[in-house]
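We did not get these values from a lab; they are worked out from the coordinates using the rules stated. Model, not experiment: these values are computed from the prediction. With ideal geometry, Cβ positions are generated from the backbone for all residues, glycine too; neighbour counts draw on all protein chains shown.
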Amino acid sequence: MSEVLKAFEEELQSKNFKGYWQNQQGDVKREPVPSFDSCMWKGKDLFAAMEKAGDVVGLDVSFRRVIQMWNPALKNGTTRTLVLNLQMLKPGENALSHRHMAGAIRFILKGHGTRLIVEGESIEIGEGDFVTTPSWTWHDHENRGETMMWLDGLDAPLVRLLETDFHEPDPRRKQTVTKPEGYTQATVGALRPAWLKQDSIQPPAFCYKWADTERALSKVGEQPGDPYDGIVLDYANPLTGGPTLPTMACQIHMLRGSEKTKSHRHTASVIYHVWRGSGVSYVGDKRFEWEQGDSFVVPLWQNHRHDNTSKDPAIFFVMSDKPLMDAIGHYREEATA
Ligand SMILES: [Fe+2]
Ligand SMILES: [Fe+2]
């Protein structure tokens, strides 16, 4: 570099300027290259860790007893935008009320007898149920039954990136139930109160019961489905039919016995949790052999395909940041060999 150019760059820097030529040519990529890799978390390790946390981490130590499926390439989170956690609540415990900018979902893995209170509505949850707590909704949990575990999915990494977080502990500690049981279910369907004005961006907090999911799977299970994901059910915004939350799409995928999917890649990153069954997924140059309880992540623009190696159906709970990519026109998808 010439002395003249060096001096010029120093002058620019002293005034908080930067020349375009100062960025290395190699910085410009022809296509997305994720900075984090695919990764798998074994369920048996996760549940063992949570059992231990149940012994040594009280809710006096941690506001929520949560273990994150941490992608080691990232400072925090499972992908750049989403995090998948496991939460445990023991009998008699209350997880105190708060609200925050991050939108969250729960997929219930084990147990019954806990109620989630969201925006004054008390929701009884059981295995396979899926519940949303959209951005800025009050939520607390109380366990009056057996030990429960559920997946907690949040868009917290995105919120951290955007630096938009508001976070408010509830001075009441516990919400008062103000709505009758089944209130939201009864007000957002095909028949709905005409005077209720709903948020046009955030969906209402909603519970999708496993019995309904199972019924839907049984009704559509013989259809061709999707070549890359098998039978796919969207947890749709009950008011608009749009994605689960503005920042994340949650789905149930079912691979029929011995079903093999085709390979593709897309600009959404996807987190899979194995709810039922066993098989193998190929992600980039990795091979993940999975069984019930395992989770794995497919970073954006990595080739992936799935193979149900068993004769029984395999079911994934899935979350991705596709709605975010759609909203800003960044979603691309292509078939791969
Ligand atoms: Fe929360
Ligand atoms: Fe995919």
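Observations on the structure shown:
- In the stretch 85-142, trypsin sites (Lys or Arg not before Pro) in a DSSP loop with at most 15 other beta-carbon atoms within 10 Å: none
- Convex hull per residue volume in Å³, alpha carbons only, for the stretch 59-177: 100 Å³
- Relative protection proxy for 70-80, 141-151, from highest mean packing down: 141-151, 70-80 (other beta-carbon atoms within 10 angstrom).
- With the simple spin-label model, which puts each label point 7 Å out from Cα in the Cβ direction, the Glu168 to Gln68 separation comes to 2.5 nm.
- Rounded to 0.05, the FRET efficiency of the Lys42 and Lys110 pair, given R0 = 25 Å and the Cβ-Cβ distance, is 0.95.
- Within the chain, helix-based [θ] at 222 nm, where runs of 4 or more DSSP H residues each add -39,500 (n - 2.57), nearest 500: -4500 deg cm²/dmol
- Förster radius 41 Å - calculated FRET efficiency between Val61 and Ser35 (Cβ-Cβ, nearest 0.05): 0.80
- Vicinal HN-Hα couplings computed from phi for the stretch 267-273 (Karplus, 6.51 cos²θ - 1.76 cosθ + 1.60; Hz; Gly/Pro x): 8, 8, 8, 10, 10, 10, 10
- All alpha carbon pair distances within the stretch 113-255 were sorted into 5 Å bins beginning at 0; the resulting P(r) in whole percents reads 2, 8, 15, 20, 21, 17, 11, 5, 2, 0, 0.
- Among 190-203, 231-244, the order from most to least packed when residues are scored by Cβ within 10 Å on average: 231-244, 190-203
- The packing ranking of peptides 158-164, 168-174, highest mean first, is 158-164, 168-174, where packing means the average number of other beta carbon atoms within 10 angstrom of each residue.
- When only alpha carbons of the stretch 1-105 are considered, Rg and Dmax amount to 23.2, 72 Å.
- Highest-MSF residue in the chain out of Glu127, Glu11, Glu119 [GNM, Cα springs under 10 Å]: Glu11
- Computed from the alpha carbon positions, the gyration tensor of the chain leads to an equivalent ellipsoid with semi-axes of 36, 27, 21 Å, biggest first.
- Computed label-point distance, nm, for sites Leu191 and Leu161 using a 7 Å Cα→Cβ extension: 4.4 nm
- Distance-filtered residues of the stretch 103-122 - backbone nitrogen under 16 Å, label point 7 angstrom along Thr240 Cα→Cβ: 103-104
- 3J(HN,Hα) from dihedral phi, the stretch 317-331, Karplus parametrisation 6.51/-1.76/1.60, rounded to Hz, x for glycine, proline: 8, 10, 9, 9, 9, 4, x, 5, 5, 4, 5, 10, x, 9, 7
- Overall, the stretch 146-224 carries a charge dipole of about 380 debye about its Cα centre when +1 sits on the Cβ of Lys and Arg and -1 on the Cβ of Asp and Glu, all other atoms neutral.
- Scanning residues 5 or more positions from Met69 or on other chains, those with amide H under 5 Å from its amide H are Leu84, Asn85, Leu86, with H placed 1.01 Å from N in the peptide plane.
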